[in-house]
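The values are calculated or read from the model by the stated rules, or taken from the named source; none is laboratory data. Fair warning: this is a prediction, and the values are worked out from it, not measured in the lab. Cβ atoms come from the backbone with ideal geometry, glycine included; neighbour counts cover every protein chain shown.
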Amino acid sequence: MNLVGLVIAALAPHVLADPGQEARAQSLDREIRCVQCQNEPIAQSTADIAADMRALVRERIAAGDSDAEIRAFFRERYGDFVLFRPPMDGRTWLLWAAPFILLAGGLAAVLALGGRRVSVSPDLIPEEGER
Amino acid sequence: MEGREPAMIVEIGAFAAVLAFTLSIAQGVLGLMGSRRESRAEAATAIAQAAAALSLLAFLCLIAAFVRSDFSVASVASNSHTEKPLAYRIAGAWGNHEGSMLLWCTVSACFGAFLASYRGEQSSGLWSRAVGVQGLVTAGALTYTLLLSNPFARLDPAPMQGAGLNPLLQDPALAAHPPMLYLGYVGLSVPFSLALAALIEGRADQAWARALRPWTLVAWTCLTLGIALGSYWAYYELGWGGWWFWDPVENASFMPWLLACALVHSAIVTERRGSLASWTILLAILGFGLALLGTFLVRSGVLTSVHAFAIDPRRGIAVLVLLALALGTAFSLYAWRAPKMAQPSGFAAISRESMLVWNNFGLAVATGVVLIGTLYPLVVEAFGGGLISVGPPFFNMTVAPILAALFLFLPFGPMLTWRIGDFRAALTRLAPAGLLAFMTLAAALVLTQWRAAPALGLALGVWLIAGGLVYLWARLQRGEGALVRKAAVLPLAVWSMSIAHVGAGVLTLGAVAETAFRVERAVALRPGEGVAFASRRVTLLQVGEIEGPNYSATRASFRVDASGGARTVSAERRFFQTSPMPTTEVGILPSFDGDLYIALGEEVRGGGGAWTVRLYHNPLVHLIFLGALMMGAGGALSLGALARRRRT
């Protein structure tokens, strides 16, 4: 890194010098909810508290925390509300199971419909626009 | 200052709305009874037209009140301002709760008049009952509007100035966004009316489906364009480079879109083959139900918190009552009548029909997942489980794979014939598209160092685009004569389907590339300093203060050196006297590989004149909006194809 680069890194607002770490921080910024705004991730919010929370993400990364540890840290501090990825527990298992339940139910419905299928022979049915 | 003294025009508007309500009731009663006597049906038609004219008049009166800045009207006082440019004063008429509800009613009444005026080949019973149901829908919406969100309510004393000058909302895309969405939402009320009419008659034939199709297309096309406009606005106005956030408000429009998309496809099967009639009816009911639910979610305040809803629950409860009435009636009728409806001809496991069934399966499951994800936090909170958030990580993990599976099968659909299709022949014809997709997959895997999800996404995008083009090419091979000549006589329906499907591929490419490969970086720059970013060099030239018509702004200009040469771009932070938060005007430099997106932040405290600048490179982001536009164009062309067919 040249001299100008160093100066920029020093002045830059809460940016980690390591691009890999900064990328992790940015992806966490999109998963953590600004506690003051209406449904905004801290990546998006211009509120002061969001800036503080972004700084906190970087602080934890610099301290060597894993992504899961950082999520747990924020969850402990601000509650489940702060995570856009809901934790899996007694209240949310139905949410996480829902896609599978819907897939299975839909599949059963389609197959039941298919069960009524009659044997068909090819015949000429005009394509769209050809009548 | 413009004329502020209260004017009669507001009372005329209110009176017209009340008249439209009574006429809608009459339309409902006569329409539902009119199947037995032709004269009643004719009367219902005339009444539907009058109700539409009066609703339109009421809405024009409201616009007039906004244009005149008549602050004795509550909705004008809280949502307009004399310093607003004329275009945004007009747009202000539908940019607020009360006005948007009146727009909802007006669109519903106008669609009712169209429905009444163009009977087509429908049997008189089906047609007249659909006109009747549509009248009751309009009446229900007008009841809510007049009783609980009257846009004509007066204020006394009238304030000297309006309070509505949210600078964020003064934007062409955002002015056009609500009417488009509402055309889509309310567009779904017509399939709902037709579905109820079919249930009452106990019959949904191909003529019925033919009457249904244009309305599904109107609704789907308007929803597509409305959502795209909102997303585009979020992208360039909110200043963080995002375009879709799985926000509950976004989901509220995405769910009806998904079901409308399913309906567009299932209605084709019902029209061409007479099959799936009861499923098409169910989709039409659910689609409108979700449109109402969307209105409820956005308008009741329930999304902020269940508690916010509890503070003033009247509006929310009223929408819920309307929703319960509409869905309760519809589902009861459905349970009673649908099983008795004739089951038509079958189809093989590999056929155009079966492909459209899988299409509907995927779209319906995706809708269900979005619905559960959107409502889940509300349910948890209501049962005392505390506050949780369900956001992008959940939806990306669940909805994206469902749509991916759908896209994998999509190109086969058009390639298969009705009733029974030849899968092997379709596979052979699609081989070039498949090869291209595999090459994309391999190249993307290597280039991204084995990031499987984005590589698969890009391959799917290419598969959809190439598959659409292969279908178009195959259709162009038929018949005799030169290619240009064959292209000229190729049915519009083929073009519209291909354009929409290729558009879905284009959108997929953009969405995947933007989500997976975007780069962002926050830097502090002094004037004259530069930074290397996304194979470019971005230099801050200067920062200065400028004065706009009703704001002051800090404007920073940048030079961007890329291999293609140097270009300049500026970004602003605007401060409006009426708004505490500054707004960002981002600088966007588009190029073929994506947008360079620059947002100006604050001056760094103690930074010796340095400014915070956020740089984003959003690869292929323009493809997202281009793809959505192509899908919308496909829908519009398809409408044209139906209109042309009707004339011949």
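Restricting region B:498-536 to residues that are farther than 16 Å from B:S231 by Cα and among the hydroxyl-bearing types (S, T, Y) leaves a set whose member that is nearest to the other protein chains (Cβ to nearest Cβ) is B:S498. Here is a check on your reading of the model: is B:P179 in contact (Cβ under 8 Å) with a residue 60 or more places away in the chain, closer than 21 Å to B:A116 by Cβ and either crowded, with 20+ Cβ neighbours inside 10 Å or not aliphatic (A, V, I, L, M) (or both)? It is false that B:P179 is in contact (Cβ under 8 Å) with a residue 60 or more places away in the chain, closer than 21 Å to B:A116 by Cβ and either crowded, with 20+ Cβ neighbours inside 10 Å or not aliphatic (A, V, I, L, M) (or both). Exactly one residue out of B:L456, B:L435 is closer than 28 Å to B:V357 by Cα, crowded, with 17+ Cβ neighbours inside 10 Å and either modelled with pLDDT under 95 or aliphatic (A, V, I, L, M) (or both), and it is B:L456. Can we say A:V57 is aliphatic (A, V, I, L, M), surrounded by 14 or more Cβ atoms within 10 Å (Cβ to Cβ) and within 15 Å of the chain's Cα centre (by Cα)? Taking the combined requirement at face value, the residue does not satisfy it. Beta carbons closer than 8 Å, at least 6 apart along the sequence or on distinct chains, pair a first residue in region B:454-480 that is of a type in the set (K, R) with a second that is not in a helix (DSSP H, G or I) for B:R475/B:L490.
Residues checked against (1) surrounded by fewer than 24 Cβ atoms within 10 Å (Cβ to Cβ); (2) free of Cβ contacts under 8 Å to residues at least 40 places away in the same chain; (3) under 27 Å from the mean Cα position of the chain (by Cα):
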position	(1), (2), (3)
B:E11	yes, no, no
B:G34	no, no, no
B:R37	yes, yes, no
B:E42	yes, yes, no
B:F59	no, no, yes
B:V73	no, no, no
B:A77	yes, no, no
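How about region A:35-91: which of its residues are among the β-branched types (V, I, T), more than 21 Å from B:T584 (Cα to Cα) and assigned to a helix (DSSP H, G or I)?
Correct list: A:V57, A:I61, A:I70, A:V82.
In this structure, is B:G187 farther than 21 Å from B:T138 by Cβ and crowded, with 21+ Cβ neighbours inside 10 Å? No, not satisfied. When you check B:S108 against the structure, is it within 30 Å of B:W208 (Cα to Cα), crowded, with 24+ Cβ neighbours inside 10 Å and polar (S, T, N, Q), yes or no? Criteria met by B:S108. The set of residues from region A:54-72 being more than 14 Å from every other protein chain (Cβ to nearest Cβ), out of contact with any helix residue (DSSP H, G or I) (no Cβ under 6 Å at 6 or more places or on another chain) and hydrophobic (A, V, I, L, M, F, W, C) comprises A:L56, A:A62, A:A63, A:A72. Restricting attention to region A:73-92, the residues being at the interface with chain B (Cβ under 9 Å from one of its Cβ atoms) and aromatic (F, W, Y) number 2. Among the residues that make up region B:135-155, is at least one of them assigned by TED's automatic domain parsing to the domain that holds B:S80, out of contact with any Leu (no Cβ under 6 Å at 6 or more places or on another chain), closer than 30 Å to B:E38 by Cβ and aromatic (F, W, Y)? So far as region B:135-155 goes, no, none of its residues is assigned by TED's automatic domain parsing to the domain that holds B:S80, out of contact with any Leu (no Cβ under 6 Å at 6 or more places or on another chain), closer than 30 Å to B:E38 by Cβ and aromatic (F, W, Y).
For region B:355-390, a residue qualifies if it is of a type in the set (G, A, S), free of Cβ contacts under 8 Å to residues at least 24 places away in the same chain and within 7 Å of another protein chain (Cβ to nearest Cβ), and the qualifying residues are B:G368, B:G385, B:G386, B:S389. Scanning region B:464-497 for residues that are farther than 27 Å from B:L225 by Cβ, in contact with a helix residue (DSSP H, G or I) (Cβ under 7 Å, 6 or more places away or on another chain) and of a type in the set (K, R) yields a single hit, B:K486.
Can we say B:G132 is of a type outside the set (S, T, N, Q), under 30 Å from B:R37 (Cβ atoms) and not in a loop (DSSP other than H, G, I, E, B)?
It is true that B:G132 is of a type outside the set (S, T, N, Q), under 30 Å from B:R37 (Cβ atoms) and not in a loop (DSSP other than H, G, I, E, B).
Is it fair to say B:L596 is within 14 Å of chain A (Cβ to nearest Cβ), closer than 30 Å to B:V506 by Cα and touching a strand residue (DSSP E or B) at 6+ places or on another chain (Cβ under 9 Å)? Judged against the criteria, B:L596 is not a match.
All of (1) under 22 Å from B:G634 (Cα atoms); (2) surrounded by 24 or more Cβ atoms within 10 Å (Cβ to Cβ) hold for B:I281 with one exception: (1).
Filtered by the rule that a residue be within 14 Å of chain A (Cβ to nearest Cβ) and farther than 23 Å from B:W240 by Cα, region B:610-634 gives a lone residue, B:G634. If you go through region B:238-264 and keep only what is within 12 Å of chain A (Cβ to nearest Cβ) and of a type outside the set (F, W, Y), you end up with B:L238, B:G239, B:G241, B:G242, B:D247, B:P248, B:V249, B:E250, B:N251, B:A262.
Scanning region B:399-416 for residues that are in a helix (DSSP H, G or I), farther than 20 Å from B:N251 by Cβ and of a type in the set (A, V, I, L, M) turns up B:A405, B:L408, B:M415. Answer yes or no: is there a residue in region B:623-646 that is over 30 Å from B:S498 (Cβ atoms) and not assigned by TED's automatic domain parsing to the domain that holds B:G241. Among the residues of region B:623-646, not one is over 30 Å from B:S498 (Cβ atoms) and not assigned by TED's automatic domain parsing to the domain that holds B:G241, which makes the answer no. Looking only at residues of region B:459-484 that are surrounded by fewer than 22 Cβ atoms within 10 Å (Cβ to Cβ), in a helix (DSSP H, G or I) and not aliphatic (A, V, I, L, M), we find that the one that is modelled with the lowest pLDDT is B:Q477. No other residue among A:A17, A:A43, A:A12, A:A47 is facing chain B (nearest Cβ under 10 Å), surrounded by fewer than 19 Cβ atoms within 10 Å (Cβ to Cβ) and at pLDDT below 90 apart from A:A47. Scanning region B:29-79 for residues that are among the hydroxyl-bearing types (S, T, Y) and out of contact with any Ser or Thr (no Cβ under 9 Å at 6 or more places or on another chain) yields B:S39, B:S72, B:S78.
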